[in-house]
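Below you'll find the structure, written out as structure tokens, and then a few comments.
Here, each number is a calculation from the coordinates, and none is a lab measurement. Computed from a prediction, not measured in an experiment: that's the story for all the values here. Neighbour counts run over all protein chains shown; Cβ positions are idealised from the backbone, glycine included.
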Amino acid sequence: MIVNQFLVLGALLFSIGVYGVLVRRNAVLVLLSIELMLAAVNINLVAFGAYVDDAVAAGQVFALFVITVAAAEVGIGLAIVVLIFRNRSSANVDELDLMKW
Amino acid sequence: MAFSDWITDARNIVFLVIALTMVGGALVVVTTRNVVHSALTLVVVLGGSAALFLMLGAEFVAWAVILVYVGAVVVLFLFGIMITRAPIGRDSVRLDHERRWPPALIALSVFVVMAWSTTLAFGSEQISGGVIRTDAIGDLLFSRYVIPFEAVSFVLLAALIGGIVLARKDPDR
Amino acid sequence: MTTLLGLLALAEGGEHAVEVVTDPGGFVGVLADFAWLIPVVPLLATFAIVLVGKRLPLKGWELAEGAIGFVAIYAVALLIANWVTPMAVEHHIEISRIGSLPGLGDLVLEWGWVVDGLSIMMFTVVGVVGFFVFTYAKGYMEGDVRFTFFFASFSLFAGGMLVLVIAPNLIQLIVGWELVGVASYLLIGHWWEDHDNNAAAIKAFITNKIADVGLFVGVIILGITVGSFRITDVLDAVARHDSALAAVAFWAGLGLFIGAMGKSAQMPFHVWLPDAMAGPTPVSSLMHAATMVTAGVYLVGRMFPLYQTGGMADDVKTIIILAGGATLLLTGLIALVQDDIKKVLAYSTLSQLGYMTAAMGAGAYTAGLFHLFTHAFFKGLLFLAAGSVIHGVHSNNMSDMGGLRRFMPSTYKTFLIGSVALAGIFPLSGFWSKDEILASLSNDASHGGGAAATLVLVLAILGAFITAFYMTRAVYLTFFGEYRGDGHPHESPRVMTYPLWGLAALAAVAGFVNIPGVYTPFTEWLASRIHVMGDHHAGGLNWALALIGTAVALAGIAAGTRLFRRDAATQAERDRFRIPVLYPLLEHKYYFDDLYLNGIVGPIKGPIARFVVWTNQVVIDGVVNAFGAAARFASGYVYGWVDQRGIDLAINVVAAGAGEAGGVVRKAQTGKVQQYAGALFAGAVLLVVGFLIFS
């Protein structure tokens, strides 16, 4: 096994996630695509951890932290989506243009 | 290293199968017209990543992914889909933007740049690592990484409280 | 006492022949080693106030006051220690190494503290004036909506200034410089509900930012050329006439001075300071006395050898002296026509900063910083007294005041002390420092300063007249005559008057620490630093200039008294008073000076000739009035054309350009998050591609 095969796979998954984030209108699907990107990052972290092979397992531990933070992010993100849906009867990202000038 | 050398390693064949499954699943996640399918296909991708973690000797991470993502996060997503009444069915116009090529172009260039630079940097370096067992990870988490660990636990707590505060019905109304 | 005599002997011996101890042992050593606490304590107080301030019994004020009190005590302890043993202690702690950036070599990012005469003097000014202002502010800000936040920002303001002053390297100096800028933004815009205050805060911040570009350029040039951001390293290079540094020293020195012009509000960067009056008065007081505006003069003082050594940035000195001379006269003239008492003081500060800058430009390190020292006390006092007046009558305008000496005796007496000190009347502090500057200018004129120094000397003497004149006007308009406002003026609470008396005492005696030729410990304090070079310091008292200065100041007071004491307003002139709402009130209570009315309306409507005729019956009157009229006309011209139209026009053009550009660019702000995300990723890709190609 070479380390680059995992990295390229990670890059591919990440790019697919980027595509999803940019193209999806529904906020839940945007969050799903973000999960895809985070999974790609985890693969990279663990692959690098195995490549460096350090005694303190930094790659794996940080992958665990990423998983935890991702879980928190999904919880908050979905709560916000639910809140927005309740206020505006829509969970479509492109209808939220409050940040416009 | 030539592709023929690479493919003769049995582990790489396994990797190829898993990777292709994951990529296919990921494409389904971002293109399907059915929201529920999208969430369920994410399970496949994450399961694939768990399998890769096992190949890389990261047992605990693999099972954590299964438990946290497949067990909790995807279920959460399904609830989110249900609550927001995302259009279930074959209605792609309302799920995606009309113009798909600029995002596709950006995503492709992200991939090219990342793959290009990792290939430049690592070429065909071998992975040498062995298995790191769960008890070792546990020891590390509670000794060397105890402060980040506690910090992350506070993040989770804050997210928990924040989720409740955000999503509950306003008692005044 | 023997030490004192020894120092005096040293002072007689020559220019700054002070033995400087770089490693004092014992208690003094401990004191110097822990001087890092000086900026840290107020900054910690800021955070503490933000976090827990609202729950404390005095709403966070006690933390701010405690922190500044600590600074004051520590500074005075250091001052005494430095008096006994002149010292210059430096400590550096490495934070990180800036790697091998191209052209930068191996630069180190450091945090440190320097305890020498100059920084101790600044600690004392910030700590002592700050202590009085913080005490006073408790009374002034009582009941304010954002009382706690005010004191958090106030602590940050003082702490930022102390970071700047204590910095032994230029990077840390910039950190302090910017902290002061941010805190001033918060404080000027403290009452942001009023749009004008907000605009004033932004104006102050932006003007400073523009000038800061000069500072950054200067610091970068010095850092790259010398290979170190430590001030001592830079000055070492100056001392050994480093040829690489000499090649760029002019631009570095000019850059640093442009930064100093911004903070010290020298023309043409002075526009922010009068507007900064929008902040609460304690802010103005601290800003004008101890923090912020003194930073520029301090910077020039800290980098003084760079400007003073031949072959380095000594050409910049001509620019410095001319900038100072122009500022001291032109802004002094503007002060004559202001109705807002705080604006009178603000323009007066500009004028006094002009004096300090001119002194620096004349190579008179001690004189400039001595004026900074005394000015801090009397200008802090004047602002606090003005704040007390404003607190009492609820108006900034002197046309709403008058006769307040009966209602506010303490404020009146202290304001008077401050005014006399500012006017430079013997023996109050302003006399000594202003005389020192005049003497230094004359000294410079005969020692290579050339025509510029002579010109600025004349301007400075004129400025002394104007200073005395406008302060007399302010005193008469505020405290004499009949009360012209509505409401009932009252003396401020004791928490406000006690600081006034404290500062008044200091304003009276602060000048005695540097009596030329007799007793000059101040010169010795300032001299205790590692690099002192070529201070053009007049040794003894210059009797001729002292007499001229005093005579001119007395003439100014006489002129002011003549013009503003008079009770001769006729009906017609009263009709022209520019605040019609107050007119009925004025008809009964306003028995004030005809010239004052003309002073406001005159430059615009032009009845100058009439009052000259009217006062011409007495010859002396005529001379005095003509002077007053000319001054008013010139200031009106300067204010109306140079300031309002010339400089403001340029700023408006820039603003309009920015607005137009914004109209075009804002179309990119669609509000669609995903377009932003797409731009983010595309930008990241471009960056990576750029790195891969160019590395």
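Order these by the 10 Å Cβ neighbour count, fewest first: C:Lys379, B:Lys169, C:Lys672.
Values: C:Lys379 30, B:Lys169 7, C:Lys672 17.
Fewest-to-most Cβ neighbours within 10 Å comes out as B:Lys169, C:Lys672, C:Lys379.
Per residue of B:146-153, count partner chain C-beta atoms within 10 Å of its C-beta, then hand back the mean as an integer. Could you put the intermediate results ahead of the total?
Values: counts 0, 0, 4, 4, 0, 1, 7, 1.
Mean partner-chain Cβ count within 10 Å for B:146-153: 2.
Positive end of the charge dipole of chain C (Lys, Arg +1 and Asp, Glu -1 on Cβ, about the Cα centre): tell me which of C:Ala237, C:Val495, C:Ile321 has its Cα farthest that way.
Farthest along the dipole direction, towards plus: C:Val495.
Given a 10 angstrom Cα cut-off, can you work out which residue in B:Phe15, B:Phe142, B:Phe77 is the most mobile in a GNM of chain B?
Per the Cα network of chain B with a 10 Å cutoff, B:Phe142 tops the list.
Could you tell me which of rounded, prolate or oblate describes the protein assembly as shown, using a ≥ b ≥ c as the square roots of the eigenvalues of the alpha-carbon gyration tensor, with rounded for a/c under 1.5 and, failing that, prolate when a/b is larger than b/c and oblate otherwise?
Because a/c hits 1.5 or more and a/b exceeds b/c, the protein assembly as shown counts as prolate.
What FRET efficiency would be calculated for the residue pair A:Leu83, B:Thr21, taking the C-beta separation as r and a Förster radius of 25 Å, to the nearest 0.05?
My answer for the efficiency is 0.10.
With 10 angstrom as the radius, rank C:Ser155, C:Ser96 by how many other C-beta atoms surround their C-beta, starting from the fewest.
Result, fewest neighbours first: C:Ser96, C:Ser155.
For a quick check: sort C:His531, C:His394, C:His270 by the number of other beta carbons within 10 angstrom, fewest at the front.
In increasing order of surrounding Cβ atoms, one gets C:His394, C:His531, C:His270.
Distance cut-off 25 Å, Cα to Cα: go down the list C:Lys138/C:Lys343; C:Lys209/C:Lys672; C:Lys54/C:Lys413; C:Lys317/C:Lys434; C:Lys203/C:Lys434 and report the pairs above it.
Beyond 25 Å: C:Lys209/C:Lys672; C:Lys54/C:Lys413; C:Lys203/C:Lys434.
Taking each residue in B:33-43, count the Cβ atoms of any other chain within 10 Å of its Cβ, then average. What number comes out?
Average neighbour count from other chains, rounded to a whole number: 2.
In nanometres, what is the gap between the two model label sites at B:Ala158 and B:Ser124, each 7 Å from Cα along Cα-to-Cβ?
Distance between label points: 4.7 nm.
Report the gain in length on full extension from C:Asp196 to C:Ala77: 0.36 nm times residue separation, minus Cα-Cα distance, nm rounded to one decimal.
Contour length minus Cα-Cα distance gives 38.6 nm.
Set the Förster distance to 51 Å, then compute FRET efficiency between C:Ile651 and C:Leu51 from the Cβ-Cβ distance, nearest 0.05. Intermediate results must be reported in sequence, preceding the final value.
Values: r = 39 Å, r/R0 = 0.76.
Rounded to the nearest 0.05, the efficiency is 0.85.
Run the quick spin-label model on C:Val145 and C:His447: label points 7 Å from Cα toward the beta carbon, then report their separation in nm to one decimal.
About 5.6 nm separates the two model spin labels.
Would you compute, from DSSP H runs of 4+ residues alone, the mean residue ellipticity of the protein assembly as shown at 222 nm, taking -39500 (n - 2.57) per run and dividing by the full residue count, rounded to the nearest 500?
Helix-only estimate at 222 nm: -23500 deg cm²/dmol.
Would you look at the GNM of chain B, springs on alpha carbons closer than 10 Å, and say which of B:Ala39, B:Ala26, B:Ala104 moves the most?
Ranking B:Ala39, B:Ala26, B:Ala104 by mean-square fluctuation puts B:Ala104 first.
Cβ under 11 Å from C:Arg230's Cβ, C:Arg230 left aside: what net charge do those residues give with Lys, Arg +1 and Asp, Glu -1? It would help to have the intermediate numbers written out before the result.
Values: positive: none; negative: C:Glu90, C:Glu110, C:Asp233, C:Asp236.
Result for the neighbourhood of C:Arg230: -4.
Based on Cβ point charges of +1 for Lys and Arg and -1 for Asp and Glu, what charge dipole magnitude is obtained for the protein assembly as shown about its Cα centre, in debye rounded to the nearest 20?
Dipole of the protein assembly as shown, to the nearest 20 debye: 2720 debye.
Report the Cα centroid-to-centroid distance between the range B:94-128 and the range C:460-488 in angstrom, as an integer.
Computed from Cα coordinates, the inter-centre distance equals 73 Å.
With each pseudo-label sitting 7 Å past Cα toward Cβ, what's the B:Leu67-C:His394 distance in nm, one decimal?
Distance between label points: 6.7 nm.
Rounded to the nearest 20 debye, what is the charge dipole size of the range B:132-173 about its Cα centre when +1 sits on each Lys and Arg Cβ and -1 on each Asp and Glu Cβ? Could the numbers behind the result be given before it?
Working: 5 positive and 5 negative charges, 32 e Å.
Rounded to the nearest 20 debye, it is 160 debye.
What dipole magnitude, in Debye to the nearest 20, does the range C:329-470 give about its Cα centre under +1 on Lys/Arg Cβ and -1 on Asp/Glu Cβ?
Here the size comes out at about 360 debye.
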